[in-house]
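A.B. asks: Please see the structure below; I have some questions.
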Amino acid sequence: MRRKIIAGNWKMNLKLSEAKQIALGLRNLSTPNHIDVMVFPSASHLLSVSEILEGSKVKVGAQNAYPSSLTAMTGEISPDQLEEIGIQLILVGHSERRQFLGESNEICNQKIKYFLSRGIQVVYCVGETLAERESNQTFSVLSEQIKKGLFGVPSDQFKHLVIAYEPVWAIGTGKVASPEQAEEAHAYIRKEISSLFVGAQTIAESIQILYGGSVKPDNIASLLSKPNIDGGLVGGASQKLDSFLGLIK
Ligand code: PGA
């Protein structure tokens, strides 16, 4: 059985004091064994949050990193610097980075290959825009994001990869995909992964696929009741302790 993941994407929100308060509230969390919890704080909060959550059941991840070892690259963070503070989990391809910061499938691919080759866990986000959905391009967009984003990833490195299906029209809009819409996309993503190379079938069956986009404590159960939905990548509702705890519950 695939384990469930509840992941909080704090984006560029929260003050340090607020992030620390949520981390303190999560520190002694006792979750059922089949659930993993992750948080992705802002870069400047990573050290404090990871110190608070050290030894807890909550994994701390970075929202971004540069796919290289220590080098001259102004404004970026290296996985070496993340590993130094105990962080081995990175988000790649979030739609905000794709839309506004030019993170293409090719850039995602470079990042994914580099991070996975170092044994760093990656949560790779894919998803279509409203215009793409309305023009029946959802599946071709997802197919391209999976095929280009995961091109050349060695089969033994998929164990560190998690996919997040996040329809762009559902992110931060309050318009959650219906469990049926999400399930259809998740099943399709699994099928695309199974066709990446010979033998990818087993990988496709075991890979965790999270849904993201207006997940709230009151809609998460119906989403997770679907067979291909293995958890949630949550923005807004993870940025308050009460609702984060509600999601996990
Ligand atoms: P949302 O964001 O839950 O606020 O819609 C999800 C995300 O962007 O990961």
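Read the figures in this text as sums done on the coordinates, not as results from a lab. Computed from a prediction, not measured in an experiment: that's the story for all the values here. Virtual Cβ from ideal backbone geometry, glycine too; neighbours counted across all protein chains shown.
A.B. asks: Between their Cα atoms, which of Lys159/Lys216; Lys147/Lys191; Lys11/Lys111; Lys11/Lys59 are more than 21 Å away from each other?
C.D. replies: Working: Lys159/Lys216 28 Å; Lys147/Lys191 11 Å; Lys11/Lys111 19 Å; Lys11/Lys59 16 Å.
With Cα atoms farther than 21 Å apart: Lys159/Lys216.
A.B. asks: In square nanometres, what is the average projected area of the Cα convex hull of segment 106-221?
C.D. replies: Working: hull surface 29.3 nm².
Orientation-averaged projected area of the Cα hull: 7.3 nm².
A.B. asks: Relative contact order (percent) for segment 8-90, with alpha-carbon contacts under 8 angstrom and 6 or more residues of separation?
C.D. replies: Values: 117 pairs, mean separation 23.1, N = 83.
It comes to 28 percent, rounded to a whole number.
A.B. asks: Find how many whole Å separate the alpha carbon centroid of segment 218-249 from the alpha carbon centroid of segment 101-157.
C.D. replies: 23 Å
A.B. asks: Below 8 Å, C-alpha to C-alpha, sequence gap of six or more: please give me the relative contact order for the chain in percent.
C.D. replies: Working: 472 pairs, mean separation 51.0, N = 249.
Relative contact order for the chain comes out at 20 percent.
A.B. asks: Can you pull the semi-axes for segment 126-182, root of five times each eigenvalue of the Cα gyration tensor, sorted largest first, whole Å?
C.D. replies: Working: eigenvalues 119, 39, 14 Å².
The equivalent ellipsoid of segment 126-182 has semi-axes of 24, 14, 8 Å.
A.B. asks: What does the highest-first list of 107-116, 68-77, 184-193, 32-41 look like by mean Cβ count within 10 Å? Intermediate results must be reported in sequence, preceding the final value.
C.D. replies: Numbers: 107-116: 21.4, 68-77: 10.1, 184-193: 19.8, 32-41: 18.1.
Ranking, from highest mean packing down: 107-116, 184-193, 32-41, 68-77.
A.B. asks: Still on this structure, I have one more. Nearest 500 deg cm²/dmol is fine: what mean residue ellipticity at 222 nm does the chain get from its DSSP H runs of n ≥ 4 alone, each adding -39,500 (n - 2.57), divided by its residue count?
C.D. replies: Numbers: 11 runs with 99 residues, N = 249.
It comes out at -11000 deg cm²/dmol, rounded to the nearest 500.
A.B. asks: Ranking request for peptides 205-213, 172-180: highest mean number of other beta-carbon atoms within 10 Å first, then the rest in descending order.
C.D. replies: Values: 205-213: 21.3, 172-180: 14.3.
Highest to lowest by the protection proxy: 205-213, 172-180.
A.B. asks: Along its principal axes, what span do the Cα atoms of the chain show, with the longest given first and each in whole Å?
C.D. replies: That works out to 45, 44, 34 Å along the principal axes.
A.B. asks: How about segment 1-50: which trypsin sites (Lys or Arg not before Pro) there are in a DSSP loop, with at most 16 other Cβ atoms within 10 Å of their Cβ?
C.D. replies: Arg2, Arg3, Lys15
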